[in-house]
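Take a look at the structure set out below.
The values are calculated or read from the model by the stated rules, or taken from the named source; none is laboratory data. Nothing here was measured: the structure is a model prediction, and the numbers come from that model. As a convention, Cβ positions derive from the backbone with ideal geometry for all residues, glycine included, and neighbour counts pool all protein chains shown. Side chains included, ligands, DNA and RNA excluded: accessible areas come from the protein's heavy atoms. Shrake-Rupley method; radii C 1.70, N 1.55, O 1.52, S 1.80 Å.
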Amino acid sequence: MSIPQLPSPLTLAQIHQVVGGTIHGTDQTQVFELAGLGESTPRSLSFVANDKALSAAVNLQAAALLVHRHLPDLAIPQIVVGHPLMAFAQVAQRFCVRPAVPRGTAEDITRGTDVIIGADPSIWPFVTLGDRVSIGARVTLYPGVFVGSDSKIGDDCILYPNVVVREGCSLGARVIVHSGTVIGADGFGYVPHQGRHHKIPQIGGVVIEDDVELGANVTVDRATLGSTRIKQGTKVDNLVQIAHNVTVGAHCILVAQVGIAGSTTIGHHVVIGGQAGLSDHIQIGDQVMIAAKSGVHRSIESNQIVGGSPALPRDRALRVQGVIHHLPELHKLVQDLEQRIETLEKQSKPRSPRTGTTRPRKK
């Protein structure tokens with residue numbers, strides 16, 4: 001595995017200027033690369049997020065560490081910070097990510113009428129812009145991007161190759177959309193009549209607010225009426241389906257293969273684990289956590305942790321899962337108890353003194 005190399009060596013003092021915290025060891029210690037604990041070398045800057053991560057590290061080597069508390073038993077220079085992973089990300093952003101250089105607008109694009117393009121664009125060949133499209137400043141559109149008529153792309157957005165933004169959709173500032181994602185495809189709406197499914201025109205739009213990131217092959221369907229909306233700061237993993245008229249609140253996390261059915265509303269700071277499915281027309285409160293592979297068929301109040309299918313409160317879901325593993329033994333136990341009861345009932349019936357046959361008890 002290739003370890004990211006720094007463009008030039010950094011001292012602990014230079015890193016401290018970026019992340020703050022307290023230095024333990026010489027501030028002139030040099031680092032040449034960034035690495036996780038499992039891949040770090042005597043040249044690396046690495047991080048220890050918590051004691052559990054430290055205990056999992058075997059034969060730890062590093063030039064320096066970002067740590068959550070001072071680790072005096074390690075003879076490695078350290079910077080103690082409140083959030084080591086966040087500090088590590090700040091170092092990577094500051095020293096490893098090259099600033100984007102505007103490349104202008106390529107000649108080989110298809111441009112409709114009344115298109116507005118902001119300052120310092122980077123629009124690659126084979127991009128298609130429909131009529132009355134508005135592109136903000138410092139936007140990057142890679143090859144194969146399609147932006148439909150009357151759509152708006154805000155400042156500093158990045159749309160990777162083969163992203164589709166259908167007509168009448170809006171992206172805020174600093175939105176990142178990865179390859180293969182489709183924003184504004186028709187919602188799945190039909191009216192059954194006389195044995196056929198008749199399409200309901202999907203004439204709404206999609207609104208993506210500031211600082212949202214959508215992974216690869218995400219689908220965000222346009223609303224039947226009104227808007228499907230993803231609010232500020234939400235991050236969506238690959239292969240997620242967000243149906244028509246869904247609202248996803250601010251700063252949510254949707255992990256891969258989540259499916260959200262139409263007209264469901266999700267509060268802020270909600271975390272939904274991979275492959276979870278949410279039914280239509282339900283309400284998910286704020287700061288809810290939904291475990292992976294959960295099936296959510298009813299609304300959930302705020303500040304709940306749920307799991308299972310159907311989704312239950314976490315403690316109950318864990319008990320249910322625990323019982324499932326013992327079902328074969330429990331089934332055998334029930335069969336044995338039924339047989340014992342049947343035997344006891346036969347033994348308890350009174351017998352006739354002359355014939356030896358049983359006779360019913362008097363009531």
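In the stretch 7-44, the qualifying residues are those that are under 29 Å from the mean Cα position of the chain (by Cα) and of a type in the set (A, V, I, L, M), and the one that is most open to solvent (accessible area, probe 1.4 Å) is 18. In the set (1) of a type in the set (A, V, I, L, M, F, W, C); (2) closer than 20 Å to residue 179 by Cα; (3) out of contact with any Ser or Thr (no Cβ under 6 Å at 6 or more places or on another chain), residue 119 fails one condition alone, (2).
Against the criterion of being among the β-branched types (Val, Ile, Thr), surrounded by fewer than 19 Cβ atoms within 10 Å (Cβ to Cβ) and closer than 17 Å to residue 311 by Cα, residue 282 qualifies.
Residue check: residue 243 meets all listed conditions (1) farther than 30 Å from residue 199 by Cβ; (2) in contact (Cβ under 8 Å) with a residue 24 or more places away in the chain; (3) not charged (D, E, K, R) but one, namely (1). Does residue 69 count as open to solvent by 90 Å² or more (accessible area, probe 1.4 Å) and under 30 Å from residue 160 (Cα atoms)? Here the answer is no, as residue 69 does not meet what is asked.
Annotation note: of 47, 88, the sole residue that is in contact with a helix residue (DSSP H, G or I) (Cβ under 7 Å, 6 or more places away or on another chain) and either among the hydroxyl-bearing types (Ser, Thr, Tyr) or open to solvent by less than 80 Å² (accessible area, probe 1.4 Å) (or both) is 47. Reported count of residues in the stretch 116-143, each being assigned to a loop (DSSP other than H, G, I, E, B), open to solvent by 30 Å² or more (accessible area, probe 1.4 Å) and within 18 Å of residue 169 (Cα to Cα), is 2.
Among the residues of the stretch 16-33, those that are closer than 17 Å to residue 81 by Cα and either among the basic types (Lys, Arg) or assigned to a strand (DSSP E or B) (or both) comprise 22, 23, 24. Of the residues making up the stretch 179-221, those that are assigned to a loop (DSSP other than H, G, I, E, B) and over 23 Å from residue 268 (Cβ atoms) number 14. Please work out which residue is farthest from the chain's Cα centre (by Cα), limiting yourself to the stretch 301-317 and to residues that are modelled with pLDDT under 85 and open to solvent by 100 Å² or more (accessible area, probe 1.4 Å). Step by step, filter the stretch 301-317, then rank; the result is 316. For the stretch 159-193, enumerate the residues that are over 16 Å from residue 122 (Cα atoms), among the hydroxyl-bearing types (Ser, Thr, Tyr) and crowded, with 18+ Cβ neighbours inside 10 Å. 170, 181, listed by residue number. Of the residues 80, 133, which is at pLDDT 95 or above, closer than 30 Å to residue 51 by Cβ and more than 27 Å from the chain's Cα centre (by Cα)? On inspection, the qualifying residue turns out to be 80. Taken as a whole, the condition of being open to solvent by 90 Å² or more (accessible area, probe 1.4 Å) and within 21 Å of the chain's Cα centre (by Cα) does not apply to residue 332.
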